[in-house]
1. I'd like the full set of residues that are free of Cβ contacts under 8 Å to residues at least 40 places away in the same chain and among the aromatic types (Phe, Trp, Tyr), limited to the range 44-77.
2. Is it true that Ile52 is among the hydrophobic types (A, V, I, L, M, F, W, C) and either at pLDDT below 95 or out of contact with any Phe, Trp or Tyr (no Cβ under 7 Å at 6 or more places or on another chain) (or both)?
3. For the condition closer than 19 Å to Gly3 by Cβ, at pLDDT 95 or above and not in a loop (DSSP other than H, G, I, E, B), what is the one hit in Ala75, Ala102?
4. Considering only residues that are in a loop (DSSP other than H, G, I, E, B), closer than 13 Å to Val22 by Cα and of a type in the set (A, V, I, L, M, F, W, C), which ones fall in the range 78-99?
5. For the range 54-65, which residues satisfy the criterion of being touching a strand residue (DSSP E or B) at 6+ places or on another chain (Cβ under 9 Å), exposed (fewer than 15 other Cβ atoms within 10 Å of the Cβ) and more than 19 Å from His121 (Cα to Cα)?
6. Take the residues of the range 78-114 that are aliphatic (A, V, I, L, M) and free of Cβ contacts under 8 Å to residues at least 24 places away in the same chain: which is nearest to Glu8 (Cα to Cα)?
7. Looking at the range 55-72, which of its residues are of a type outside the set (Asp, Glu) and either touching a Pro at 6+ places or on another chain (Cβ under 6 Å) or outside any loop (DSSP other than H, G, I, E, B) (or both)?
8. Please enumerate the residues belonging to the range 115-131 that are closer than 17 Å to Cys26 by Cβ and either in contact with a Leu (Cβ under 8 Å, 6 or more places away or on another chain) or in contact (Cβ under 8 Å) with a residue 24 or more places away in the chain (or both).
Amino acid sequence: MTGQEIIERVKALNLPADSYVVFGSCPLALAGIREAQDIDLYVRPEVLERFIQAGWKQVDKGPGDKPHVSGVFEAHTTWGFSPYAPTLIQPLQNADVFEGVAFASLKEVRKWKVASGGKKHEADVHLIDDYISKKHTNTP
């Protein structure tokens, strides 16, 4: 999915401001770095309860990673499945908001991917670093 597709899908959820942040690989898609396969949402408990009432199902993806899912969405109320486990407030404070949708900053995503390790995350760290380097090089 592209950044614009993510924005449209998240907007369709009609979530209150400051009740969620789009995390995972979606901020990379928003920046045009690479497309995302799913939409990770870090949400307040009341938002998760709304999703559960709407039929979202919990899946077990591994230790500490038990999101509720529906279609392309995965909703988490904690980010405790990674060595970098910020509270929701942290990525919300530095969120990049586009068309009313809050995305975790690339800086926050990079912290998470560095802490998580693995080839996929390491590749994304390099993509983020290249993007930031090029962005600063092209800035007057």
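1. Selection gives Phe51, Trp56.
2. Values: among the hydrophobic types (A, V, I, L, M, F, W, C): yes; either at pLDDT below 95 or out of contact with any Phe, Trp or Tyr (no Cβ under 7 Å at 6 or more places or on another chain) (or both): yes.
For Ile52, the condition - among the hydrophobic types (A, V, I, L, M, F, W, C) and either at pLDDT below 95 or out of contact with any Phe, Trp or Tyr (no Cβ under 7 Å at 6 or more places or on another chain) (or both) - is met.
3. Working: Ala75 fails: closer than 19 Å to Gly3 by Cβ.
Every option except Ala102 fails the conditions.
4. Trp79, Leu88, Ala95
5. Residues of the range 54-65 that are touching a strand residue (DSSP E or B) at 6+ places or on another chain (Cβ under 9 Å), as a first pass: 54-59, 61, 65.
Right, trim to exposed (fewer than 15 other Cβ atoms within 10 Å of the Cβ) and you get 54-55, 57-59, 61.
If the condition is that a residue be touching a strand residue (DSSP E or B) at 6+ places or on another chain (Cβ under 9 Å), exposed (fewer than 15 other Cβ atoms within 10 Å of the Cβ) and more than 19 Å from His121 (Cα to Cα), then Ala54, Gly55, Lys57, Gln58, Val59 are the ones that fit.
6. Taking the candidates together, the pick is Val97.
7. We begin by selecting, within the range 55-72, every residue of a type outside the set (Asp, Glu); these are 55-59, 61-64, 66-72.
Lys57, Gln58, Gly62, His68, Val69, Ser70 - these are the residues of the range 55-72 that are of a type outside the set (Asp, Glu) and either touching a Pro at 6+ places or on another chain (Cβ under 6 Å) or outside any loop (DSSP other than H, G, I, E, B) (or both).
8. Taking the range 115-131 and keeping what is closer than 17 Å to Cys26 by Cβ, we get 116, 120-121, 123-125, 127-128, 131.
Scanning the range 115-131 gives Ser116, Asp124, Leu127, Ile128, Tyr131.
The values are calculated or read from the model by the stated rules, or taken from the named source; none is laboratory data. Since the model is a prediction, treat every value here as computed from it, not as a measurement. We place every Cβ from the backbone using ideal geometry, glycine too, and count neighbours over all the protein chains shown.
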